[in-house]
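Reading through the structure tokens given below for one structure.
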Amino acid sequence: MRPVNQRGVAFIIVLWIIALMSILLGSFAVIARTENLQARHLFDATAARYAAEAGIHRAVYELRNPDPLTRWVADGRPYEFEFDDCKIELRMTDDSGKIDINVADAVMLKALFQSSGIEERRAEELADAIIDWRDPDDLASTHGAEESDYKAAGLKYAPRNAPFETVSEVQQVLGMDYDTYHLIEKAITLYSGRNQPSPAYAPLEVLRAMPGMTEEQAQMLLTQRQAVPPGMPYNITMPDGTPVMAEGGGLTYSIESRATLPNGSSTRLDATIRLGGQGIGGRPFVVLRWRDGEDQ
């Protein structure tokens, strides 16, 4: 007959084996659930991403509409529609309403920074540093910065002394940081070629930087402008009495497309496009800038 102590040891071993198997089965269940959630998440992100891209194409189609009474207006007003069970929200901005950092003067740039909450002295320094980055000479502006200033700051690069090639390049300007760049990003462009932005298409960040404009006036003008139906004349004036004219839009647009799935997952695409035509192979549009990011 087996001794009692041996039976007790066997019982304990069996309990340990059962506990180990339970842990292993639990681990496999957690792994399987995690992989299922990851697969679901990847599927949702992919579906939302392509729905948002469909929104970009819809925006281009509507911007090319020959009928001015039904053509979508690129002044930042929202447009919504359904696409394959996804809710798409679009906002389009004609880049002629933005501040072109390759041609805007120091006064306009300083006003942009100040209206974004930057104190006056730093706004002057940033504005002049942008001018010095893009101008062809090595002579520093009054509050600007040239190569020696970048070296003194411990930076291993110098101003380009040529036009900016990307909007994000402005982050390299001496004194600029990401938080400040984030404040002005929606207000700047490289593609309008205009010394002054058009108030008919300017986003809020640009409107409040215009001469004599307060935050309240900028908000009111934006609301009034977006209430005007497509193709209808404006009856809106700037603070100095200058009428806002809708003419003069360009061919370059910034488009924000947000796609939201029924379960709440969403993805946003931000693109800058130029409408097609002669010179780019007859394509409907060409992408100048593209950024995508999942919101949830």
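For the reader, a short list of remarks on this structure follows.
- With eigenvalues of the C-alpha gyration tensor scaled by 5 and rooted, the range 15-144, Å: 51, 30, 12
- 5 angstrom amide H check on residue 103, placed H, neighbours 5+ away: none
- Site-free segments of the chain were taken between GluC sites (Glu not before Pro) in DSSP loops having at most 16 other Cβ atoms within 10 Å, sites themselves excluded; the longest one is 1-118.
- Residues with amide H under 5 Å from that of residue 289, placed H, sequence gap 5 or more: 272
- Long-range amide H partners of residue 188 with built H, under 5 Å: 99
- Taking the C-alpha atoms of the chain, convex hull volume expressed per residue in Å³: 244 Å³
- Phi angles of the range 117-131 translate, via the Karplus equation with coefficients 6.51, -1.76, 1.60 and θ = phi - 60°, into HN-Hα couplings of x, 7, 5, 4, 4, 5, 4, 5, 5, 5, 4, 5, 5, 5, 4 Hz per residue; Gly and Pro are given as x.
- Across the range 56-64, computed HN-Hα scalar couplings (Karplus, 6.51 cos²θ - 1.76 cosθ + 1.60, θ = phi - 60°) run 4, 5, 5, 4, 4, 4, 6, 5, 8 Hz from first to last residue, x flagging Gly and Pro.
- Loop sites in the range 131-167: chymotrypsin sites (Phe, Trp or Tyr not before Pro), DSSP, at most 14 other Cβ within 10 Å: 157
- Contact order normalised by residue count of the chain, Cα under 8 Å, 6+ apart, percent: 23 percent
- Principal axis extents of the C-alpha atoms in the range 111-195 (largest first, rounded to whole Å): 30, 27, 21.
- Taking all pairs of distinct alpha-carbon atoms in the range 147-271, Kirkwood radius in angstrom: 17.6 Å
- Fully extended contour minus Cα-Cα distance, from residue 107 to residue 45, at 0.36 nm per residue: 18.0 nm
- Solvent-accessible heavy-atom area per residue, rounded to whole Å², over the chain at 1.4 Å: 56 Å²
- On the range 159-239, 52 percent of the accessible area sits on carbon and sulfur atoms, based on a 1.4 Å probe.
- In order through the range 159-164: 3J(HN,Hα) via Karplus (6.51 cos²θ - 1.76 cosθ + 1.60), integer Hz, x for Gly, Pro: x, 5, 6, 7, x, 4
The values are calculated or read from the model by the stated rules, or taken from the named source; none is laboratory data. These numbers come from a predicted model, not from an experiment. Neighbour counts run over all protein chains shown; Cβ positions are idealised from the backbone, glycine included. For accessibility, only protein heavy atoms count, side chains too; no ligands or nucleic acids. Shrake-Rupley method; radii C 1.70, N 1.55, O 1.52, S 1.80 Å.
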